[in-house]
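What follows is a single structure, written as structure tokens, with notes after it.
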Amino acid sequence: MNGTDMVITAIEGGINHWADVIEYNDAPGKGKATVIDREDGTQYTVTAAGMTAAAQDVLRLYPDTAGARYIREDDIDAEAADMIFQTAVLGGIVYG
């Protein structure tokens, strides 16, 4: 799955429990999203490239999770996309 698809998967269902989407771009190769953390009001922006890099971080930081398995199988669902998004903008999983 490419970075833009990961951004879209995250904002369409993965991150809804902790963030509100302000804006997004789903253009191939240029995907990005800007969100606001519901808990503290912090605004974050993630790009397709950032999601691709964070997917590798998830594999390294959380190798035994279902999300990591989905990444390895290139079958990223909303849960895995949330893990990737949180890792990209928060440095790791903060909101379970």
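Since every read-out is calculated from the coordinates, none of them should be taken as a lab result. Fair warning: this is a prediction, and the values are worked out from it, not measured in the lab. In this analysis, Cβ positions are derived from the backbone assuming ideal geometry, glycine residues included, and neighbour counts consider all displayed protein chains.
Suppose the filter is under 12 Å from ILE8 (Cα atoms), touching a helix residue (DSSP H, G or I) at 6+ places or on another chain (Cβ under 8 Å) and outside any strand (DSSP E or B); does ALA88 pass it?
In short, no.
Say we look at the range 1-51 and pick out the residues that are surrounded by fewer than 22 Cβ atoms within 10 Å (Cβ to Cβ), touching a residue at least 60 places away in the same chain (Cβ under 8 Å) and not charged (D, E, K, R); which of these is farthest from GLY92 (Cα to Cα)?
MET1
Taking the range 52-79 as the region of interest, how many residues are touching a helix residue (DSSP H, G or I) at 6+ places or on another chain (Cβ under 8 Å) and either acidic (Asp, Glu) or touching a residue at least 24 places away in the same chain (Cβ under 8 Å) (or both)? It would help to see each step written out before you state the result.
Going through the range 52-79, the residues touching a helix residue (DSSP H, G or I) at 6+ places or on another chain (Cβ under 8 Å) turn out to be 52-55, 57-59, 61-62, 65-68, 70-72, 76-79.
Those left that are additionally either acidic (Asp, Glu) or touching a residue at least 24 places away in the same chain (Cβ under 8 Å) (or both): 52-55, 57-58, 61-62, 76-79.
Residues flagged as touching a helix residue (DSSP H, G or I) at 6+ places or on another chain (Cβ under 8 Å) and either acidic (Asp, Glu) or touching a residue at least 24 places away in the same chain (Cβ under 8 Å) (or both) within the range 52-79 amount to 12.
Just for the range 60-77: of the residues that are hydrophobic (A, V, I, L, M, F, W, C) and surrounded by fewer than 17 Cβ atoms within 10 Å (Cβ to Cβ), which one is nearest to ILE15 (Cα to Cα)?
The qualifying residue nearest to ILE15 (Cα to Cα) is ALA66.
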